[in-house]
Amino acid sequence: MSEVLFRELYRIRHVEQEVARVYPTDKIKSPVHLSIGQEAVSVGVCQTLRADDIVFGTYRSHALFLAKGGNLRAMIAELYGKATGCTRGKGGSMHLIDVAAGVMGTSAVVGTTIPLAVGYAYALKMRGSGALVAAFFGDGAVDEGAFHESMNFAALKKLPVLFVCENNLYAIHSPQAARQAKSNLCERAASYGMHAEHVEYGDVFTIRDRTAAAVSAIRAGSGPRFIECMTYRWKEHVGPGDDFAAGYRTRAEAEPWYARDSLNLIGARLDPAVRARIEHEVQAEVRDAFEFAESSPFPGHEELLTDVYGVA
Ligand SMILES: Cc1ncc(C[n+]2csc(CCOP(=O)(O)OP(=O)(O)O)c2C)c(N)n1
Ligand SMILES: [Mg+2]
């Protein structure tokens, strides 16, 4: 099992490190909100999901897209703005989708995919499909009205939704304490009538095991559940660099998170030969995806007004 988790975590980390490396060349045409440091949440949760379960996410969803089985080539091509991208080069990093993998969408607008997730869960329940929806969002999104309306409706209708809050302590540069009088997000969720739990330290095994219990309860008909996973964003809010010079956080705050990084901890316990083989295989796959993106065409001019809303 550790090998599977290591491969998943390493694959996402390596993809995003490659994105960060390529970014200054300007070949990647989209802004990028990297998940580096936060991968354990997506991986831990998605390990417990079935292929027919659905996820919705935010503009920071490379990790979620890949952990749910989204197509890597299509994701990298999307970042390059190419016609082979998962939204044919029109959405960029913030608007990823892979219907076959159950990644039903991510959005630049904070909180907007939460009601979409709830609506999808309503449809699944009416169809009696037995599948569920996992809605991923940040600690900033819980201040949006859409979050509260969605929580209430999901609890009222006992919908099969797992609300996953990735609490990385900041919304852009604002710490939680500057935004919320009460830091206990689980209390907010519980007030709508659903079980809510808090996972400290972002450990992938704990996240996976606690999610597995929540997912079984939801499948058994408990209605929605809320899980708040503490985590930490290593890179700047948007872009490939570090931002300690910006002054809103310190390296000392980040250091405990580096030390408890699930990828490094699992990697250190693996047989070195096994680890090297996995890294080698993943690097080859990622190289192929970047080559695919680089050699793909941009959308033609005739695509300018297709698949977009416009005034006739
Ligand atoms: C409705 C809306 N309000 C404001 C913004 C500007 N904005 C972009 S990201 C962000 C911070 C959100 O923080 P959080 O939900 O904690 O996610 P994180 O970036 O930490 O993953 C804000 C306020 C936006 N995109 N949409
Ligand atoms: Mg945040």
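Quick notes on this one:
- A straight line joining the Cα centroids of region 17-92 and region 248-302 runs 12 Å.
- ASN264 sits among other residues whose Cβ lies under 14 Å from its own Cβ, and their net charge, with Lys and Arg +1 and Asp and Glu -1, is -1.
- Long pairs among LYS182/LYS235; LYS90/LYS125; LYS157/LYS235; LYS68/LYS158; LYS90/LYS158; LYS27/LYS235, criterion Cα-Cα beyond 28 Å: LYS90/LYS125; LYS157/LYS235; LYS90/LYS158
- Whole-number percent relative contact order across region 2-297, with pairs defined as alpha carbons under 8 Å at least 6 apart: 24
- Antiparallel bridge percentage (DSSP; both residues within the chain; nearest 5): 10
- Per residue accessible area of the chain, 1.4 Å probe, in Å²: 44
- Computed extension length for LYS27-ALA273: 85.1 nm, one decimal, from 0.36 nm per residue of separation with the Cα-Cα distance subtracted.
- Positive-end residue, the chain charge dipole about Cα centroid, Cβ charges, pick of TRP257, PRO224, VAL282: PRO224
The values are calculated or read from the model by the stated rules, or taken from the named source; none is laboratory data. Since the structure is predicted, the reported quantities are computational estimates derived from the model, not experimental observations. As a convention, Cβ positions derive from the backbone with ideal geometry for all residues, glycine included, and neighbour counts pool all protein chains shown. We work out accessible area using only protein heavy atoms, side chains counted, and drop any ligands, DNA or RNA first. Shrake-Rupley method; radii C 1.70, N 1.55, O 1.52, S 1.80 Å.
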